[in-house]
Amino acid sequence: MAKVSSLRTYSRGAAALVTGAGSGIGRSFACELARRGSSVLCVDLHAERAEETAALVEQLGGRGIPYTCDVGKEDQFAALAEQADGLLGRPTTLVVNNAGVGVGGCIGDVSLEDWRWCLDVNLWGVIYGCHHFAPRFKAAGYGGIINTASAAGFAAAPEMTTYNVTKSAVLALSETLSAELARTGVHVSVLCPTIVPTNIINESRFPSDRKTFAAKAMEKWAFTNSGEVAHMTLDALDRNQLYVLPQWDGRLMWRFKRVAPVTYARTLGLGYRLAAG
């Protein structure tokens, strides 16, 4: 197969589907795509949030279409995939699998119900997006897929097991998909941010004391905002860059763990024991 030109752009003038578009990073993706002249199918669990984002897309010069969907439900995502091209008015060229939820707590403390909820949204929602659109893009020889994972996918912070597992799986899925689609004309990027101010803590399932701690950490230790993250990720997609680590702390952890994985694990365990007293 002929090598695809590196000059092709995937984020400008796109026919894009963004999940979790009602707030946070998802809304920022939709707005940045609007600035780049794209049509955006703004998908969210909450209809009013999807509508708000679609209105923002219109204000920014794009075309915004609101769509209500629980991405963790197979039948709902299948219906979304079937309708996407018609709603956008042309074939979908970019899918941003961004919807996510948070669950915190130690192994054994997190209920299996919460495990399933987190897996449905954070992992199955991404699987459905890749399952339905990757074959289309491969056949067309053009398209982009962005999967929102997290630095949690490799950082393995204690008391975040459920969330860590889902994001680690999204990272592995993205790496595999990138290899399978190499030189087909389809670009794949996986976003691994650390702390970004969003609504995820407010809507998470954390023990009350941990939710308060997480909210304060988000306020104090966020080194970038969702708009900057979306901008950087879309630029990375255009360059066909697989890994997107937009913050210095995430890049530091990534390198530490890759260079010295055993030392990293021991340091993480020691820090957790000291913090726990």
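The values are calculated or read from the model by the stated rules, or taken from the named source; none is laboratory data. A quick note: this is a predicted structure, and the numbers were derived from the prediction, not measured. In this analysis, Cβ positions are derived from the backbone assuming ideal geometry, glycine residues included, and neighbour counts consider all displayed protein chains.
Residues in the range 6-34 that are surrounded by 24 or more Cβ atoms within 10 Å (Cβ to Cβ) and in a strand (DSSP E or B): Ala16, Leu17, Val18, Thr19. State all residues of the range 42-64 that are surrounded by fewer than 21 Cβ atoms within 10 Å (Cβ to Cβ) and assigned to a strand (DSSP E or B); if no residue qualifies, say none. Result: Arg63, single match. So which residues in the range 115-150 are farther than 14 Å from Lys73 by Cα and either at pLDDT below 95 or of a type in the set (Val, Ile, Thr) (or both)? Within the range 115-150, Ile145, Ile146, Thr148 qualify. Leu87 - would you say it is part of a helix (DSSP H, G or I), in contact with a Phe, Trp or Tyr (Cβ under 8 Å, 6 or more places away or on another chain) and under 26 Å from Ala260 (Cβ atoms)? Taking the combined requirement at face value, the residue does not satisfy it. Which residues, counting only those in the range 79-107, are of a type in the set (A, V, I, L, M, F, W, C), more than 21 Å from Ile25 (Cβ to Cβ) and either out of contact with any strand residue (DSSP E or B) (no Cβ under 7 Å at 6 or more places or on another chain) or surrounded by fewer than 13 Cβ atoms within 10 Å (Cβ to Cβ) (or both)? Residues satisfying the conditions are Ala79, Ala81, Cys106, Ile107. Name every residue in the range 121-161 that is free of Cβ contacts under 8 Å to residues at least 24 places away in the same chain and either within 15 Å of Ala99 (Cα to Cα) or aliphatic (A, V, I, L, M) (or both), in order of residue number. Selection gives Ala139, Ala152.
Based on what the data block shows, is Ala47 at pLDDT 95 or above, farther than 21 Å from Pro91 by Cβ and among the small types (Gly, Ala, Ser)? Yes: the conditions hold for Ala47.
Applying the criterion of being closer than 22 Å to Val244 by Cβ, of a type outside the set (S, T, N, Q) and part of a loop (DSSP other than H, G, I, E, B) to the residues of the range 102-157, the residue that is nearest to the chain's Cα centre (by Cα) is Ala149.
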